[in-house]
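Data block below; observations after.
The values are calculated or read from the model by the stated rules, or taken from the named source; none is laboratory data. Given the structure is predicted, the values throughout are model-derived calculations rather than measurements. Glycine also receives a Cβ, built like all others from the backbone with ideal geometry; neighbour counts cover every protein chain displayed. Remember, those area values only see protein heavy atoms, side chains included, never the ligands or the DNA or RNA. Shrake-Rupley method; radii C 1.70, N 1.55, O 1.52, S 1.80 Å.
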Amino acid sequence: MHRRALLTLGLLPGLLFLYLPIILLVLFSFNDARLLTGWAGFSWRWYAALWHDRALIEAALLSLQVAALAATGATLVGLAAGLALARFARFPGRAAFTAALAAPLVLPDVLIGLSLLLLFVATESAIGWPHNRGVATIVLAHVTFSLSYVAVVVQARLADTDPALEEAAADLGAPPWRVFLAVTLPLAAPALLSGWLLAFTLSLDDLVVASFVSGPGASTLPMVVFSSLHLGATPELDALATVMLAICAAALAIAGRIGVARRRRRL
Amino acid sequence: MKLWRVPVLAVPWCWLLVFLVAPLAIVVGISFAQPADGIPPYAPVLAWHDGWPILSLDPANYAVLLQDRFYLAALLRSVVVAGLSSLACLLLGYPMALAIARAPAAWRSRLLLLVILPFWTGFLLRVTAWIGLLRDDGWINGALLAVGLIHAPLRLLYTDFAMYVGIVYAYLPFMILPLYARLSKLDPALEAAAGDLGESPVGVFLRVTWPLSRPGVLAGMMLVFIPAVGEYVIPELLGGPGAQTIGRVLWTEFFDNHDWPMASAVAVALLGVLLVPAALLQRSGSRRFDDRGA
Amino acid sequence: MGPLQGGGLTLEPHLRVRGVRKHFADVAALDGLDLDVQRGEMFVLVGGSGSGKTTLLRCIAGFERPDDGTIRLAGRDMTALPPYRRPVNTMFQSYALFPHLSVARNVAFGLRGLPRGEVEARVAEMLGLVRLEGYGERRPDQLSGGQQQRVALARALARRPELLLLDEPLSALDRNLREATRQELSALQRRLGVTFVLVTHDQEEALTLATRIGVMQAGRLAQVGTPADIYERPASRFVAEFLGAANILRGVVRASDAGGALIALSTGGQVQSAMPAPAAVGHPVDVVLRPERLTLVPAGPAAQPNRLDARVAHAAYRGEALSLTLHLADGTALRVTRPLGDGLADLPAAGEALTVAWSPAAAVLLTA
């Protein structure tokens, strides 16, 4: 009784706060009216408008491309960083390395964005690169702020695994490269997957850093959404949010299925 | 050190040096420069005279920063907004974290997922939802008008209230997750023992649960405070024109005034403001790195 | 390969460790250690935690590089070889089975480079050896602790190593299983003839398994010998107390020759030992008396050597035996273990006066 009261009283207000805006947003994305107040009947018109919004779709494709590249890069660099932290007990500059790796987790977006833009401007005048800011510079920036998250996940995973596993592989005749491929990498795989997904999401969500380091002609989805939000929210954006929500829910359901299937196979 | 370790260490080290340390150093350098017409729009800090590098550091930007009340007020306002927001997150998030931690074991991960789920829909789109709720012709005003509680729409959007709601909405999970991690590790027998020793439920909370959860509270508050201090998007989209937080000031200096040196000086000030909470976070035991380190 | 082909002209032991030192941040884990192990031996290293036994094992396996000294196996210097190039395999305390690979693929992990058919045959042979036929497709987390232990053993033996290192191989098993597994391990080792070096902190395990035991203390070997040697003739107080229980009484040498020695105890009474004194007449020695070598006799004239009068301070019933704590006249405590022959009828009462006696062969003399 006591526990149920705590559950209801503790969770219900918070969950209402979290979900009410989203539920209303989904609902009104099907509203057949230009203005937001009042229900004017069910309609797909905003989804149709979304489908025909070339600028928005191009921005979405660009964002997906950037996110996939940035997530892959962040996973590779983050794997190396997590590996170093989890497996190399001592190395020169460990304290500085740890601090530098933790910095992107606490630095504000505006600071990361500004500093990277100033870097790109400086390298352009020094070595002529990057001549045009765009996908490449956004990807580099996104790798920088998300590699720390990957490193956290990888380090936590490796710290949880028995270091004797890698020694056992060496003991059984595997040279270091094979120890890495046959033991370390498979053990870190779940962390690499979730790190990749995290980096992908962070990249898709970023407005501020991309606004700084992007150049003319390369607008990511958040940049396009932001400029139209400046003009006011439209039901079309509600429809976009609903689509994202649906994709997210589907991804979760699939991940859940895979998890259940894997657990079943083990039993 | 074994040879194969060199590239494993060198790749992330070089990446961080080139894309994190060097850019921050450039920001600090340019904060001492003067704006100029041209591309890039500032006078070089480093000049060559007869083969010698001459560093000309001009503290004028910092003088402006300290003398012009506009900048100091923005810094102060950012700290206040971030502080109040993290307090609001604590008030809303603590009961939620406690309820999840005390829920039946089979529910916990699902409830936690339920809390995190809204945050995978995209940051800007969550802000969109609030614009729809809060605007003059939005759903809240519509409902209040329809019920007859008010006769003219309330001004909700572009106010401090809207900004706080937006920040709390955006950063609530950063509060709930460390709190939950802490609370779920507390031995329930501790609370039972306190009750057994004659404490009332309120006394149990005040004398046992709350003190033991304090590291989680500190971590959660810092995790909300730190990103909220530098927040640009929410004050810009939900706050009023008067809500000049430091993130917004930096953005304006850079994009609208094209004063890169001033923007850099503001960035350095923001960095200085963040040092204290970052150190607190490091100490709060939620250190994410180096719990194995030497 | 015959046993004489170990190392060219000189007959070298299978494993030869010479002067090995290893420091960890100012702490000497191994302090100039020498060790010889013959082919086919079951050599057991015992010692307290921090005595360096695991570090020695890791140096032999190649996970640690000694600061100084050499390690030779089958006539080859292995000191500088990385672990993956040593003909040595290890069975880890945690078993370290690869959780992402099946049992068969765990066992086959070290068999890279062999033809496929041969790998399959070897895996089947190894699984048969540890009685796990038909478990090849399981995952390690689907096995019981005892089965995992056997997979670890099969995996380590699959490469037919010159030397198998076992780090606390039985410590993760529960008590009943441990005893049965100990016998199996011993039988397997004798059947295969592979040289085993096993580390344990369990003295019973060491005594029952070993062909020879090495007792480690502070990074060195305090004593090496057969289990009987070490138990019956401990070389130091440390060894006497580490393996088995021991009563140690201080005394002074009265007389000594090749046939034995006479010691006057400081608690009163005399000891006639079958071994010559390790110190000159008039010098102090320690007398080691094992609790189970002491017998209780009816009180009698106490003037004879190897008899002491005592009172029962505490009697504990242990099921298969009786543990008594006796107090001598000056209060020195003496432990006595006595089998329970005729049941409980003769359980002594606290305060009862008794006389303790032993044979000259039971009294071991050490330099004090």
Just give me the residues in the range C:30-40 being aliphatic (A, V, I, L, M) and surrounded by fewer than 23 Cβ atoms within 10 Å (Cβ to Cβ), in sequence order. C:LEU35
Those residues of the range A:113-155 that are more than 8 Å from every other protein chain (Cβ to nearest Cβ) and part of a helix (DSSP H, G or I) come to a total of 20
If I filter the range A:14-61 down to residues being within 12 Å of another protein chain (Cβ to nearest Cβ) and exposed (fewer than 13 other Cβ atoms within 10 Å of the Cβ), which single residue comes out as modelled with the lowest pLDDT? A:LEU35
Scanning the range C:95-143 residue by residue, those open to solvent by 10 Å² or more (accessible area, probe 1.4 Å), within 14 Å of chain A (Cβ to nearest Cβ) and on the phi > 0 side of the Ramachandran plot turn out to be C:TYR95, C:GLY113
Have a look at C:ARG335, C:ARG318 and point out the one that is surrounded by 15 or more Cβ atoms within 10 Å (Cβ to Cβ) and closer than 25 Å to C:LEU243 by Cα. C:ARG335
Can you name every residue in the range C:285-300 that is open to solvent by 40 Å² or more (accessible area, probe 1.4 Å) and within 21 Å of the chain's Cα centre (by Cα)? C:GLU292, C:ARG293
Looking only at the range B:97-115, decide whether some residue is within 29 Å of A:ALA253 (Cβ to Cβ), facing chain A (nearest Cβ under 10 Å) and of a type in the set (Val, Ile, Thr). yes
Filter the helices (runs of 4 or more DSSP H) completely within the range B:84-175 down to those with at least 1 residues that are among the basic types (Lys, Arg). B:105-116, B:123-134
The helices (runs of 4 or more DSSP H) lying entirely within the range A:1-91 that contain at least 1 residues which are in the same structural domain as A:PRO186 (by TED's automatic domain parsing) and within 30 Å of B:TRP4 (Cβ to Cβ) are A:54-87
Restricting attention to the range C:41-73, and to residues there that are open to solvent by less than 30 Å² (accessible area, probe 1.4 Å) and in contact with a Pro (Cβ under 8 Å, 6 or more places away or on another chain), which single residue is nearest to C:LEU221 (Cα to Cα)? C:CYS59
Checked the range A:145-175 for anything surrounded by fewer than 24 Cβ atoms within 10 Å (Cβ to Cβ), farther than 30 Å from A:ASP109 by Cα and not acidic (Asp, Glu); matches are A:THR161, A:PRO163, A:ALA164, A:LEU165, A:ALA170, A:GLY173, A:ALA174, A:PRO175
In the range A:161-194, which residues are more than 9 Å from every other protein chain (Cβ to nearest Cβ), without any contact (Cβ under 8 Å) to a residue 60 or more places away in the chain and either closer than 18 Å to A:PHE88 by Cα or of a type outside the set (Gly, Ala, Ser) (or both)? A:LEU181, A:LEU185, A:PRO190, A:LEU193
Evaluate the range B:30-47: report whether one residue or more is of a type outside the set (Phe, Trp, Tyr), modelled with pLDDT of 90 or more and assigned to a helix (DSSP H, G or I). yes
